[in-house]
Amino acid sequence: LSGFDIAVPVSITGGEYSINGGTFTSAAGTVSANQSVAVKLVASANHSTTTTAQLTVGGVSAGFSVTTLPDSTPDAFSFTAKTGAAINTAYTSDAVTVKGIDTAVAISITGGQYSVNSGAFTAAAGTVSVNDTVRVKATAANGSELTREAVLTIGGVTGIYSITTVPDTTAPVAEFKFPTPYTMSEANSVKVRGTATDEHAITSVKLVVDETEIEATPKSEINGIKDFSSWTATIPLTANTKNEIEVIATDDRNNTTSLANANKVTVRQAGAKSAFPDEVNQFDEATYTTLDNANNRNRLLVADRGKIWAVDFATGKRTLFVDHHTSCSSVLYGLLIDDQSDKLYGVCDNTLYEFDLSDGSLIDTYIESQLTSNLIFGLALDRSSGRNRIVMVEDAYEHSAPGGIVLGFSLDTKQFSLISNANNSPLIKGARNIVVVGDKYLVTTGGQHADGNTHSVISIDASTGEHSLVSDNAVGSGELFSGELPDGNWPAIRGVVLDNRNLFISESLSNRLISLNLDTGERSLFKDLSYYNENSVGLFVDDLDLDSARELLVTTDSTRDAIIIVDLKSREKLILSKSKNNF
């Protein structure tokens with residue numbers, strides 16, 4: 001304070017004052033020149049309100065004003081929850097009015113969008129003011145009995161709009177993975193396999209056969225909770241009849257598949273001499289087969305003597321696809337489909353035949369003159385490392401020399417080329433089939449009447465033609481290839497297919513499917529294909545094919561003229577199509 005010489009009165013209204021840092025007071029007093037005065041007041045209890053303390057010194061007054069902050073915290077708000085919402089459907093909430101603020105505040109949302117004053121919906125952050133109206137929009141979950149929340153935040157206060165979908169009244173979906181819709185078995189029971197899916201936990205899967213329910217075995221059970229994402233069951237078969245098997249599942253909401261909607265398969269039980277599914281268009285000599293699933297075709301093509309049959313995968317019925325008597329009276333071997341061009345290839349003696357897959361018409365024939373035995377059985381398609389060719393292996397019987405050659409047929413130029421000559425060691429003798437594994441070709445060798453020790457899998461380098469031994473009874477471990485059988489017959493290894501790094505090899509007459517792990521070299525018996533309750537006449541298994549989508553192997557038996565399918569998971573064997581015979 002300055003400008004005066006004597007003590008003067010001091011007073012205050014609306015607050016307190018302090019002289020030279022002393023105690024604050026509201027009582028009147030006196031001050032002298034060069035003293036300091038501070039003023040204190042309490043801010044208003046209301047937002048955006050100014051409060052003033054007026055200090056008077058010697059008749060001179062000054063005011064100290066304090067203004068409170070605006071109100072940026074809105075009143076609490078809420079949205080009415082939506083229940084019974086349709087799955088995956090958008091819903092908009094009721095409107096709320098912003099109250100309790102006197103300044104613009106931030107607004108944001110998670111899990112949905114908002115609209116201010118009926119404007120466009122947005123998920124971007126923004127601001128709102130008092131008396132603005134806000135709506136929230138969100139989409140219901142893609143499943144029943146599920147709740148999805150949109151959380152709206154205004155000035156730090158949140159409100160939730162929840163949407164709960166309709167109760168679950170839908171039964172689980174239970175399906176068969178094996179067998180195919182209509183098959184035959186000469187056994188007294190069949191092992192079936194399938195899957196079951198639902199939004200909620202599945203409590204049971206049952207198979208219904210002639211009104212009898214059989215509990216399926218789940219994939220696993222942990223702490224009482226069963227995993228029916230895959231399941232198996234062994235079903236007894238009534239002799240000499242069609243056994244219709246239906247699958248039903250129940251979830252933890254007590255929704256159960258109705259029999260009217262149940263997925264079903266039929267397994268006919270009959271002796272192995274029986275024709276299946278009927279005696280129409282019976283095989284004469286079913287040898288080589290190939291899968292044709294392109295363009296929604298659901299069939300096998302099977303080479304027969306003088307014909308190619310189309311076998312429906314769903315029914316097992318046979319229809320004539322190619323009648324090639326005028327071109328080749330023998331069997332077309334090594335049937336091969338090129339999905340890219342929709343062409344079918346087969347070989348007879350030293351001639352490669354090209355057919356149109358749409359109608360079975362013959363497109364062209366290609367004759368190869370380099371063969372030493374004029375016999376080719378195995379074909380494979382090679383499109384690795386930029387190659388575009390059919391690979392084929394010549395058969396040279398075990399008592400002949402030299403070994404078989406490996407040829408390539410360019411699908412671009414339609415010309416043959418030599419990949420591996422006949423003298424490369426180890427020699428290829430009794431070769432029937434070939435499979436492409438990257439830049440290697442694997443060939444099964446060791447024909448009928450050969451000592452089991454000559455049976456082998458040989459690798460041919462796609463670029464150099466160099467041979468190397470992959471597996472025989474001296475190389476690798478585990479199951480041995482068969483020698484002479486107790487009945488005096490000699491087996492032969494024939495069909496070969498690759499499933500990941502597992503090579504499946506069919507062995508004729510011994511009725512065995514052998515699995516060879518290419519990484520470990522270990523061989524194991526995958527399946528004995530012998531017919532149940534029949535004599536010991538062996539299967540003559542010429543070919544083997546893999547259906548990765550259905551997870552099964554397809555093999556032929558030209559002894560009984562049958563097409564056999566084997567489940568890769570359960571190893572169950574069933575007959576897809578068969579002629580009548582007297583064995």
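The values are calculated or read from the model by the stated rules, or taken from the named source; none is laboratory data. If you're wondering where the values come from, they're calculated on a predicted model, not measured in any experiment. Positions of Cβ are generated from backbone atoms using ideal geometry, with glycine treated the same way; all protein chains shown enter the neighbour counts. With ligands, DNA and RNA removed, areas are computed over all heavy atoms of the protein, side chains included. Shrake-Rupley method; radii C 1.70, N 1.55, O 1.52, S 1.80 Å.
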* Structure fact -> Note: among Ser577, Ser524, Ser570, Ser506, just one is within 29 Å of the chain's Cα centre (by Cα) and within 23 Å of Ala380 (Cβ to Cβ), namely Ser506
* Among (1) assigned to a loop (DSSP other than H, G, I, E, B); (2) under 17 Å from Tyr182 (Cβ atoms); (3) open to solvent by less than 80 Å² (accessible area, probe 1.4 Å); (4) of a type outside the set (D, E, K, R) - the single one Gly271 does not satisfy -> (2)
* If Thr183 satisfies every condition in (1) open to solvent by 40 Å² or more (accessible area, probe 1.4 Å); (2) of a type in the set (S, T, N, Q); (3) over 24 Å from the mean Cα position of the chain (by Cα) but one, which is the exception? -> (1)
* Asked: Considering Thr83, Thr67, which residue is within 30 Å of Glu149 (Cβ to Cβ) and open to solvent by 80 Å² or more (accessible area, probe 1.4 Å)?
  -> Thr83
* To do: Restrict the check to region 545-552 and report whether at least one residue is over 28 Å from Ser330 (Cβ atoms), among the polar types (S, T, N, Q) and at pLDDT 95 or above.
  => no
* Asked: For the subset of region 1-18 comprising residues that are among the small types (Gly, Ala, Ser) and out of contact with any Ser or Thr (no Cβ under 8 Å at 6 or more places or on another chain), which member is farthest from Phe64 (Cα to Cα)?
  -> Gly3
* **Subset of region 303-347 [more than 35 Å from the chain's Cα centre (by Cα) and open to solvent by 10 Å² or more (accessible area, probe 1.4 Å)]** => Arg305, Lys307, Asp323, His325, Thr326, Ser327, Ser329, Ser330
* Quick one: count up the residues across region 466-497 that are of a type in the set (Gly, Ala, Ser), part of a strand (DSSP E or B) and buried (at least 20 other Cβ atoms within 10 Å of the Cβ). => 3
* Which residue pairs have Cβ atoms under 7 Å apart, sit 6 or more places apart or on different chains, and have a first residue in region 263-288 that is on the phi < 0 side of the Ramachandran plot and a second that is among the aliphatic types (A, V, I, L, M) and surrounded by fewer than 17 Cβ atoms within 10 Å (Cβ to Cβ)? -> Gln269/Ala239
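Among the listed residues Asn582, Asn500, Asn511, identify the single one that is under 20 Å from Glu285 (Cβ atoms) and surrounded by fewer than 17 Cβ atoms within 10 Å (Cβ to Cβ).
Answer to the check: Asn582.
Condition check ((1) touching a residue at least 60 places away in the same chain (Cβ under 8 Å); (2) under 32 Å from the mean Cα position of the chain (by Cα); (3) over 30 Å from Gly271 (Cβ atoms); (4) not in a strand (DSSP E or B)) across all residues:
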residue	(1), (2), (3), (4)
Ser115	no, no, yes, no
Thr127	no, no, yes, no
Lys137	no, no, yes, no
Asn142	no, yes, yes, yes
Thr153	no, no, yes, no
Ser162	yes, no, yes, no
Lys177	yes, yes, no, no
Arg193	yes, yes, no, no
His200	no, yes, yes, yes
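Could you tell me which of the residues Ser463, Ser417 is at pLDDT 85 or above, part of a loop (DSSP other than H, G, I, E, B) and either open to solvent by 10 Å² or more (accessible area, probe 1.4 Å) or not polar (S, T, N, Q) (or both)?
Going through Ser463, Ser417 in turn, just one is at pLDDT 85 or above, part of a loop (DSSP other than H, G, I, E, B) and either open to solvent by 10 Å² or more (accessible area, probe 1.4 Å) or not polar (S, T, N, Q) (or both): Ser463.
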* To do: State yes or no: is Val128 over 11 Å from Thr110 (Cα atoms) and open to solvent by less than 30 Å² (accessible area, probe 1.4 Å)?
  => yes
* **Counted residues, region 12-31 - those being open to solvent by 50 Å² or more (accessible area, probe 1.4 Å) and in contact (Cβ under 8 Å) with a residue 12 or more places away in the chain** => 9
